Every structure is written in structure tokens, then in C-alpha cells.
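The values are calculated or read from the model by the stated rules, or taken from the named source; none is laboratory data. Note that the structure is predicted; figures quoted are calculated from it, not measured. We place every Cβ from the backbone using ideal geometry, glycine too, and count neighbours over all the protein chains shown. Heavy atoms of the whole protein, side chains included, go into the accessibility calculation; ligands, DNA and RNA do not. Shrake-Rupley method; radii C 1.70, N 1.55, O 1.52, S 1.80 Å.
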Protein chains: 4
Amino acid sequence: MLVIKRLDIEDARSLIAGARAKATEIGVPMCIAVVDESGQLIAFERMDGGKITSTIIAQDKAYTAAGAKRTTESYGTASLPGNPAYGINSAIGGRLMVVGGGLPVIVDGEVVGGIGLSSGTPAQDVECAQAGIDYFQASRN
Amino acid sequence: MLVIKRLDIEDARSLIAGARAKATEIGVPMCIAVVDESGQLIAFERMDGGKITSTIIAQDKAYTAAGAKRTTESYGTASLPGNPAYGINSAIGGRLMVVGGGLPVIVDGEVVGGIGLSSGTPAQDVECAQAGIDYFQASRN
Amino acid sequence: MLVIKRLDIEDARSLIAGARAKATEIGVPMCIAVVDESGQLIAFERMDGGKITSTIIAQDKAYTAAGAKRTTESYGTASLPGNPAYGINSAIGGRLMVVGGGLPVIVDGEVVGGIGLSSGTPAQDVECAQAGIDYFQASRN
Amino acid sequence: MLVIKRLDIEDARSLIAGARAKATEIGVPMCIAVVDESGQLIAFERMDGGKITSTIIAQDKAYTAAGAKRTTESYGTASLPGNPAYGINSAIGGRLMVVGGGLPVIVDGEVVGGIGLSSGTPAQDVECAQAGIDYFQASRN
């Protein structure tokens, strides 16, 4: 039997709050998704003005980061033409995201969930996803 | 040009808060989804213990209620064998839900969104969805 | 943070061994799927002669049982015309199975995974799924 | 509550008329799709001789342009290998289009819908989509 640590709904709200605060600060309304360590949705918010296409993309970024235990951005490099993971972006019916904005959430060295942001540039998405994790980690101490 | 009224993120949070309070009261952890009038996700929460299958079903109930401008429960009767909408449950790749728990959110006679609950019995799902709407409507006055 | 119990690969092999022994005994080659508590596949075997369509159906039965924390057979009754869950069978893109053969695996009162069988009659599928659970539970003591 | 502007069916017909006139002029029978600001289809025409594959592609171009509030062509550049949105083309089950021919329709600074063309070269698709918007905008004055 395995014993798994997993984000609860309060953790998810904390991650969203931190990401939303940064999104507000930089003036980009975001779609924000938090999934558990199995990639299943725990919480989601589309800020007013967040993009319609991003409702799906944010969730898939979170799913990819939690499920593959790595940032979606890291897949962007790994999947460049000529690199070993080339073409991985269309895997799982297109759910595997290689664009930045999905980050695993790690506690005590274990992936306990994932956060995915979408609506800004990939750099903005990453910045806000990281802000969500920073806020969550700070609030745990 | 049309002018459309749509739930904003604060409205969505209010709907979720009302549904969650009722779910807590009856002791059934729920998946709760709120979509806009076009069926696109605005906000979602899976209470700790909400069912994995319900993460999708709650969203699809909300989508159906908003998109078709009727309760998912009403489709259950309309789609009984021999009735005119028989078989509609598998439409849209199975997203059209005919099980109770999806309600349109109506303001000034217009559908402005939908709420979908899943994890309890259909009757419990309906009860909590209605509680979300009641709370939202009360908080608007 | 939540702490979740989950079947490991040895548990999954044990479940499959028990189900396979019964399938051999009754002379029906089966597809046998074991998923974790989030419905994700841990192990799968298609006995020689198992049905092609059952490779999918067995997985979806296991997913449904684990994700919804109930037997797929119980959904068969609940979703009869006129019953509250009527029409649920096409939910989640048709993955939600209401045909017998999917059982949740429960340890210390918690759902830790699911097992799904397909290729026989539903009654045979249920019998073999239960045999898998019985074998697994006996081997834990 | 949000208030959203959205193309109506007359607007959609106007967009199609403008695009069709240009397609006729250049001698390329087109598939022409118009969606609302949420990416939902309002009107569609396949000119005699339009490509079968383009019935889907035109819709997905319009969906992408409206939902992401940018031209599909701009995604083509942004998603080149080494650029930040590399790999985005397979998102949303492959619906996110990065090939030219999808344009957002903007009125008073707001995205009110999208138009998508397919069957010609991407340059021809863009030309006809733009002609649709030009005709629509001119007819509004």
C-alpha cells in the first residue's frame, strides 16, 4: 500500500490566491487551475477577462506538471525539433502541455499537486504560477 | 449586436459558497462547478472527499443547464424511453447531462450562467445547487 | 494537506492474480484492469482470448468504481429508466460504466483503488472481480 | 455581473457575405465560420467546392481567434520552435489553430466574436477573413 500526500481544498485556494494577487499586480486577468497529484481538478478560477481558450489550457498545464512531475516549460525545450521529446505536445489527446505556466507543487520532496496558469504570455503565466506556489509555501510555515 | 449579461467571478464564488454551505450541512462533500451563460467554466471547487468522476460530471451539468437553459433534471424526464428527447444523454460526446444537479442561473429573466453539483445522490446534488442559487440571489439584494 | 492510501503495484498484481484464477476456473479469458483511487491505471492483463473491446471497458469499469466509490453494477440499477441516475451511462465521454464488473477496492474503510473485469457476462465479470478482491484481502492478513 | 457585447446573426451574415465576395473574386471556394466571443458557432457556410477538412478547421480558427483574442496567424509565429508558445498548436484537443485564417472581430475595443476561413492557402484564408471584417465594419457605419 502506498501513502500519498495531496493538496486539500484549502491548499488549492491558497495557491489560487497567490497567483491571482500577482496577476492583478501585473494587470493580466488569468485562468488559474489547481489539480491534485493525480492531475484531477481541485479548484479553478477564471478572473474576469481571462481567455476562453485558457479555461482548458490552464487545467491541462496543471495536469501535465503534476502528472509528469516537471514544469511544462521544461518540456518546451525537451520537445524542440531534434530533441528526444519532439512531438510530445500532442500526446494524451493534446492535453500534454509544453508551454510554460504549469508547475508541480512540491512539499517535502514529493509532488502533491500542480498549478496551471493561462491567458498571459508564457512568461507571465510562469510568473503568476510561481507566485501561487510562493504564497502557498509561505503560508504553510 | 447583442448585449449579454454574464456571471462574474464574484458571482461564481457566491454561488459556490452557498452550495458548499449546504453540502457541509448535509455532510456530503461535493464537486461544484459554475459556468457562464455560454457554458465556459468560471470557477470550480472539489470539497475534500468529492468524487473523482464528479469533477467532470459537475462541470457538464453546469454546461448543460446554462447552454440548454433548463435543469438537467428536466431532461431526465424528457429523455425517458418513448419520450421525444430519448437518447439525448449521449449528445455532445456525452457532455449533455440528464441527471439532476445542474441548474441555470437566471437574473432578470435571462440565463446568465449555470451551476452543477455532483458527488451525492441526484436529489442531494439538486438541493445543494439550489442552495447556491438561493444564496447568490439573496446576496444580490 | 490530505494523506491518501493507494494500491501499490504488488497489491495490483495480487488483485489480478485472484481474478485471473477465477477466470481460468470458469473458463472465460478476461481483460483485467486495476486502477488507483484516482482512477489511474496501475496494472492490466488481457488473458489470451480476452475481447478487444474489453481492453477499454475493463479500464473504464475500474475507473468508475474507484472514482465514484461504488460498484458499476449499482449504477445499473440506479440508472434504470425512471430512476434518479438515468442517463449517467454516457457521462465522461461514455467512460462512466453502469454494467457490472467494476468494484472499488476498500481498505480500512477507504477506497484505495478499483478493479474492472470484462469479456464474460456481467455476472461472470463481477464474480471474477470479487475473486480478485477476496484474494487480495486474504493475502493482506 | 458582466455585460458582454456579442455578434448577432445579422452581423454574422454580414461577415460571411464579405468573406464570400472576396473568395468568389479570387476564385477559391471557402468554408467560412463565424463564432461569438465565447467561440460558439453562430453561422457557417461551405461554398460549393469548399474542402471537407476545412469544415472543422474554419470553425476551430474562428474559435481560437475569438477565445484567445488574437489572430491565429500570430500564434504561428509565437509557436515557432524556440519561441515561447512552441507546441501550443495541439492544445484543446488540437482545436487551437496556429495557421492563418482566424481573426477576432473587434467592436469598440472589445472582442465580440471571431471569423475563420479555410480551403485556400493560409494567405488566401487571411485575405478573405479580413474582407469579411472590412465589409462588416463598413456596413455598421
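Before moving on, here are some points about what is shown:
- Just one of the numbered conditions (1) within 24 Å of B:Ile52 (Cα to Cα); (2) hydroxyl-bearing (Ser, Thr, Tyr); (3) open to solvent by 20 Å² or more (accessible area, probe 1.4 Å) is not true of A:Thr64: (3).
- Boolean, C:Ala19 is away from chain A (no Cβ under 14 Å) and touching a residue at least 40 places away in the same chain (Cβ under 8 Å): yes
- D:Leu103 open to solvent by 50 Å² or more (accessible area, probe 1.4 Å) and in contact with a strand residue (DSSP E or B) (Cβ under 7 Å, 6 or more places away or on another chain): no
- The condition of being farther than 22 Å from C:Ile9 by Cβ and modelled with pLDDT of 95 or more does not hold for C:Glu37.
- The range D:36-61: number of residues that are open to solvent by 10 Å² or more (accessible area, probe 1.4 Å) and of a type in the set (S, T, N, Q): 4
- Note on the range A:36-141: enclosed strands (runs of 3 or more DSSP E) holding 2 or more residues that are within 7 Å of another protein chain (Cβ to nearest Cβ) and touching a residue at least 12 places away in the same chain (Cβ under 8 Å) are A:41-46.
- Residue match in the range D:78-98 (condition: modelled with pLDDT of 95 or more, open to solvent by 40 Å² or more (accessible area, probe 1.4 Å) and under 12 Å from the mean Cα position of the chain (by Cα)): no
- Residue list for the range B:1-35, restricted to those being within 14 Å of B:Asp48 (Cα to Cα), part of a helix (DSSP H, G or I) and aliphatic (A, V, I, L, M): B:Ala21, B:Ala23
- Considering only residues in the range C:1-16 that are open to solvent by 60 Å² or more (accessible area, probe 1.4 Å) and within 11 Å of chain A (Cβ to nearest Cβ), the one that is farthest from A:Ala12 (Cα to Cα) turns out to be C:Glu10.
- Which numbered condition C:Ile92 fails, given (1) at negative phi; (2) out of contact with any Leu (no Cβ under 9 Å at 6 or more places or on another chain); (3) of a type in the set (Val, Ile, Thr): (1)
- Complete set of residues in the range B:24-35 that are open to solvent by 10 Å² or more (accessible area, probe 1.4 Å) and in contact (Cβ under 8 Å) with a residue 40 or more places away in the chain: B:Ile26, B:Val28, B:Pro29
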